[in-house]
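What follows is a set of notes on a single structure, which appears directly below.
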Amino acid sequence: MLFNSLEFLIFFPVVTGVFFLLKHVHRWKWLLATSCFFYMFFKPEYILILLFTIIIDYYAARGIEKTENGRAKKTLLIISLCSNILVLGLFKYYNFINDNISAVLSIIHIENPIPALTILLPIGLSFHTFQAMSYIIEVYRGNQIAERHFGYYALYVMFYPQLVAGPIERPQNILFQFHEEKYFDYNNLRHGLKLMIYGFFKKVVIADNVAQIVNEVYANHTAESLTCFVAMLLFSVQIYCDFSGYSDIAIGSARCMGYDLMRNFSLPYHAQSITDFWRRWHISLSTWFRDYLYIPLGGKKSSIYRSSVNLLVVFIISGLWHGANWNYILWGSLHAGLLILEKVYLLKVYKRIPLYFLIPFNYLVISCCWLLFRVEDFDKLSHIITSILHLPAEIKIASFSQAFYTLGGIKFLPILTLICFFMLVDKYFNKILYTDSANEYSGSKVKFYEKYQFQFLVAITLVFGFFGQIQFIYFQF
């Protein structure tokens with residue numbers, strides 16, 4: 001079920017309302033049942049995949065906690081991790097690996113005997129797989145008590161707000177909350193609805209309107225330099241508003257019931273370096289890779305050479321996590337190279353550069369990297385990159401009018417205005433939505449815009465929103 005659908009506008013108030021009408025002992029059943037319904041809205045039979053991994057992880061964690069034998073603990077950990085990785089590998093990477101084997105064998109004129117599979121990737125597979133893996137790892141490390149209640153553990157994996165696109169929660173952050181009795185709290189409801197309103201604004205007003213322009217440009221094989229350059233910058237806006245919009249709706253819908261999910265974005269395009277960007281972008285995934293891969297590999301405590309290799313390994317795997325395609329591997333490798341370059345040299349240089357130059361510069365670099373993320377066809381990617389590289393030589397008055405026409409002409413102006421409005425208010429809304437003290441205003445001191453700012457966002461969303469139910473970008477992962 002898409003957050004930006006009519007079905008969800010019915011689903012959400014029903015789930016939340018019934019949740020508070022039920023006694024605490026029955027609420028987990030309601031949340032688990034409705035979360036299953038939410039997931040089965042996409043492809044019902046794939047619920048069996050989740051059930052398979054949930055059962056294995058639940059009993060493996062119980063076994064790890066019960067046994068005193070170190071080898072047995074490690075064996076159970078490996079069984080659990082391998083079952084998750086096997087499911088992820090089969091559905092997400094089997095055909096990618098098989099296609100590459102076929103390509104290599106074709107060079108020596110040998111036909112690949114391994115058949116391809118016609119399977120649809122289960123929605124959000126990478127997200128709930130990583131969440132399940134974090135549970136078993138934390139139990140193995142002794143940081144989390146194994147959950148004895150099968151229903152609560154299943155809910156930890158299946159909780160509908162963050163089931164298909166995160167945030168990727170740790171068991172220490174959310175499992176105990178399912179055991180707590182939640183009471184209706186007007187402040188939670190108000191804060192949750194505000195988060196959801198801002199998330200919907202980012203998704204249907206900014207991301208989905210921008211998507212219409214970006215998709216058209218990238219489908220045009222003859223788009224000129226300036227148009228490609230603007231589309232590249234616009235995609236950065238689109239993917240941020242699309243994914244952070246989802247996260248805000250997820251966090252907000254959970255908050256309405258009294259559950260706190262972790263913040264997933266912290267103004268990533270205000271970053272002063274690529275290193276800073278990865279502290280702000282998709283925080284739940286970045287910290288997952290840091291804690292479960294980068295640090296176990298040795299992190300930054302080892303030599304510069306070893307820590308650089310660690311970074312490269314982490315970001316190649318991060319690229320693969322995003323998609324079974326070489327463009328994602330190259331995207332991850334490019335970010336790793338930039339991080340290594342910053343670590344060795346650039347961070348010292350950045351300290352001498354003014355912020356008003358540094359922040360736009362980093363936005364431009366990140367936007368260039370997003371090209372690899374957005375365009376999977378290497379011929380098309382080559383055309384776009386070549387066009388952008390020729391931009392300084394081709395820039396002239398006529399190119400501005402041509403780009404304006406290609407980007408939609410008069411229809412582009414309101415979208416551009418909305419983007420500018422968003423860029424001006426994003427920091428402000430992040431402050432009032434993610435800083436508890438900023439959510440409380442006292443009576444007569446409340447300014448007009450503070451009192452009606454979210455009603456204004458609702459009005460903008462209703463007037464300018466694109467309600468074509470475009471799937472969230474990160475659902476494909």
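Read the figures in this text as sums done on the coordinates, not as results from a lab. Note that the coordinates shown come from a computational prediction; the quantities given were computed from them, not determined experimentally. Reconstructed Cβ throughout: ideal geometry from the backbone, glycine too, with neighbour counts over all protein chains shown.
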- Message: Is the C-alpha gyration tensor of the chain telling us rounded, prolate or oblate? Criteria: a/c under 1.5 is rounded; beyond that, a/b larger than b/c is prolate, otherwise oblate.
- Response: oblate
- Query: Is region 42-113 rounded, prolate or oblate when judged by the Cα gyration tensor, a ≥ b ≥ c being the square roots of its eigenvalues, rounded requiring a/c under 1.5 and prolate requiring a/b larger than b/c?
  - Reply: oblate
- Message: For the chain, what does the relative contact order come out to in percent, with C-alpha contacts under 8 Å and a separation of six or more?
- Response: 19 percent
- Honestly region 187-471 on the Cα gyration tensor test (a ≥ b ≥ c root eigenvalues; a/c under 1.5 rounded, otherwise a/b vs b/c for prolate or oblate) is just oblate
- Mean 1/r over distinct Cα pairs of region 6-182, inverted to a Kirkwood Rh in Å, yields 18.0 Å
- Local electrostatic count at Lys300 - Lys and Arg +1, Asp and Glu -1, tallied over other residues with Cβ under 11 Å: +4
- Message: With +1 assigned to the C-beta of every Lys and Arg and -1 to the C-beta of every Asp and Glu, and no other charges, what is the dipole magnitude of the chain about the Cα centre in debye, to the nearest 20?
- Response: 1320 debye
- Message: Tell me which of Tyr356, Thr461, Ala211 sits at the most positive position along the dipole axis of the chain, charges placed on C-beta atoms (Lys, Arg +1; Asp, Glu -1).
- Response: Tyr356
- Item | Computed E for Leu86/Val349 - FRET, C-beta separation, R0 51 angstrom, nearest 0.05 | 0.70
- What is the Å³ per residue value for the convex hull set by the Cα atoms of region 92-203? 176 Å³
- Item | Extension reserve of the Phe378-Arg306 stretch, reckoned as 0.36 nm per residue once the Cα distance is removed | 22.8 nm
- Query: What residue among Phe150, His191, Pro171 has its Cα farthest toward the positive end of the dipole of region 146-238, where the charges are +1 on Lys, Arg and -1 on Asp, Glu, each on the Cβ?
  - Reply: His191
- Would you mind getting me the FRET efficiency between Ala33 and Ile385? Use the beta-carbon distance for r and R0 = 45 Å, nearest 0.05. 0.35
- Output ordering of 326-338, 285-297 (per-residue mean of other Cβ within 10 Å, highest first) is 326-338, 285-297
- Relative contact order of region 6-182, pairs being alpha-carbon contacts under 8 Å that are 6 or more residues apart, as %: 30 percent
- Query: Going by average Cβ neighbours within 10 Å, how do the peptides 156-162, 350-356, 462-468, 382-388 rank, with the highest at the top?
  - Reply: 156-162, 382-388, 462-468, 350-356
